[in-house]
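Presented below is the structure to which this report refers.
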Amino acid sequence: MTTTEWITDIALVLVVFRQLREGRLDRRTFLIPLGIVAFVAYSYLDSVPTGGNDLVLIAALAAVGAVLGVAGGVYTRIRALDGHLMIKAGAVSALLWVLGMGARMGFQVWVEHGGGADDVARFSIAHHITGDQAWVTAFVLMAVTEVVTRVGTIYLRSRAHARAVAPAARTAPVLDRTA
């Protein structure tokens with residue numbers, strides 16, 4: 001793994017660790033993780049291999065990313081406080097995030113330094129996966145999908161929460177501050 005890959009992976013893990021403390025839900029909540037994965041996608045997705053069972057591998061890992069992302073978004077608490085939406089990643093959300101990102105990092109370290117390259121090569125041959133680029137694409141799309149679905153789930157939940165809170169705010173009595 002290159003230094004850039006380590007920094008990117010750690011930054012994605014820190015995104016959720018930052019949310020373990022409750023904070024205000026704002027544009028940064030969405031833009032920071034989306035910006036990181038946009039950089040990752042731009043850096044690593046030159047092409048999508050379509051030979052053999054490459055697309056099956058890519059779709060399977062993207063689906064795992066989607067499940068982890070939606071579940072992580074569901075297990076992130078959103079609440080209203082003083083007219084603002086607040087967000088806090090729960091233990092389950094953080095665990096799912098670290099599991100997804102950690103599995104990808106662990107796989108890469110295992111292949112590069114732990115003797116897993118031969119096992120992956122045998123698996124690839126047996127399952128008609130055409131090469132390294134299929135694995136890179138699959139894991140990058142897993143990470144991208146996890147981030148996008150988590151952020152999307154949080155966004156949809158926050159909009160629903162804001163709509164539910166807004167009618168109560170409109171019907172709340174207004175205090176006379178002149179007295």
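The values are calculated or read from the model by the stated rules, or taken from the named source; none is laboratory data. Small disclaimer: the values here were computed from a predicted structure and weren't measured. Ideal geometry is used to build each Cβ from the backbone, glycine not excepted, and the neighbour counts take in all protein chains shown. Ligands, DNA and RNA are excluded from the accessible area calculation, which covers all protein heavy atoms including side chains. Shrake-Rupley method; radii C 1.70, N 1.55, O 1.52, S 1.80 Å.
Side notes on the structure shown:
- GNM result for the chain, Cα springs below 10 Å: residue of MET101, MET86, MET142 fluctuating most strongly: MET86
- P(r) for the chain, from all Cα pairs and a bin width of 5 Å, is 1, 8, 15, 18, 16, 12, 9, 7, 5, 3, 2, 2, 1, 1, 0, 0, 0 %, short bins first.
- Surface per residue (accessible, 1.4 Å probe) for the chain, Å²: 58
- Per-peptide packing, taken as the mean over residues of other Cβ atoms within 10 Å, places 26-32, 145-151 in the sequence 145-151, 26-32 from highest down.
- Largest accessible area first, the listed residues GLU112, GLU5 line up as GLU112, GLU5 when surface is computed with a 1.4 Å probe on the assembled protein chains.
- Protein heavy-atom surface of the chain, 1.4 angstrom probe: 66% of the accessible area is carbon and sulfur, with nucleic acids and ligands not counted.
- Relative contact order computed over the chain (Cα-Cα under 8 Å; 6+ residues apart), in percent: 36
- Separation of segment 51-86 from segment 87-158 is 12 Å, based on Cα centroids.
- Mean-square fluctuations from a GNM of the chain, with a 10 angstrom spring cutoff on Cα atoms, peak among ALA143, ALA38, ALA62 at ALA38.
- Among ALA63, ALA160, ALA71: highest mean-square fluctuation, GNM of the chain, C-alpha pairs under 10 Å: ALA160
- In the chain, the DSSP-assigned H stretches of four residues or longer account for a calculated mean residue ellipticity at 222 nm of -25000 deg cm²/dmol, using -39500 (n - 2.57) per stretch and the full residue count as denominator.
- Distance-filtered residues of segment 84-109 - backbone nitrogen under 19 Å, label point 7 angstrom along VAL67 Cα→Cβ: 92-107
- Calculated FRET efficiency for the pair VAL92/LEU45, C-beta based, R₀ 30 Å, to 0.05: 0.50
- Surface accessible to a 1.4 Å probe, ARG159 within the full protein complex, Å²: 90
- Around GLN133: net Lys/Arg minus Asp/Glu count, Cβ-Cβ under 12 Å: -3
- Under 5 Å from the amide H of ALA80 lie the amide H atoms of MET86, each residue being 5 or more positions distant or on a separate chain, with H modelled from the backbone and absent for Pro and chain starts.
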